[in-house]
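Down below is the structure, laid out as structure tokens.
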Amino acid sequence: MAKATNKQPKKVKHIPLRTCVACHETKPKRELLRVVRTPDSHIVLDATGKKSGRGAYLCARLSCWEIALKKHRLEQEFETTLSEEDRANLEAFVATLPKDEPLAATTSASVTGMPTAEKGAPKTRVAR
Ligand SMILES: [Zn+2]
């Protein structure tokens, strides 16, 4: 089924697993993107993984985000309504996702000694 990738570190002993709300695949938490319902009921991408609030996880791939948005998976998950503002922000982020490649692929380009500290996720937070 899934292709074996030799990019994943195999030394990690205990990896926290989370389930994608769109495809329901269980993956290491660090490979998934976290979405949070903030205390004031906004649904936002949590690029840092540190926001407080109830979280849901999605694969870093376009297809899962399209499912999540079109089929209201996030709203079901959070039992709330996605506001137009929040939806627009998430859609703006979704537009940056590669077709069906995991984001991880962009961070593992051949290492040439230069620091590649990019996170891969753009800042799509709402500035208020
Ligand atoms: Zn998924």
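Since every read-out is calculated from the coordinates, none of them should be taken as a lab result. In this text the structure is predicted, and so the values were computed from the model without any measurement. We place every Cβ from the backbone using ideal geometry, glycine too, and count neighbours over all the protein chains shown.
Note on region 18-30: among residues that are near the ligand (Cβ under 10 Å from one of its atoms) and not in a strand (DSSP E or B), the one that is surrounded by the most Cβ atoms within 10 Å (Cβ to Cβ) is Ala22. In region 47-60, which residues are surrounded by fewer than 20 Cβ atoms within 10 Å (Cβ to Cβ), at negative phi and not polar (S, T, N, Q)? Residues satisfying the conditions are Ala47, Lys50, Lys51, Arg54, Gly55. If the condition is being within 8 Å of the ligand (Cβ to nearest atom) and within 14 Å of Glu31 (Cα to Cα), then region 52-69 contributes Leu58, Cys59, Arg61, Cys64.
Selection of region 45-65 for residues being charged (D, E, K, R) and in contact (Cβ under 8 Å) with a residue 40 or more places away in the chain yields only Arg61.
Note on region 64-87: residues that are assigned to a helix (DSSP H, G or I) and among the β-branched types (Val, Ile, Thr) amount to 1.
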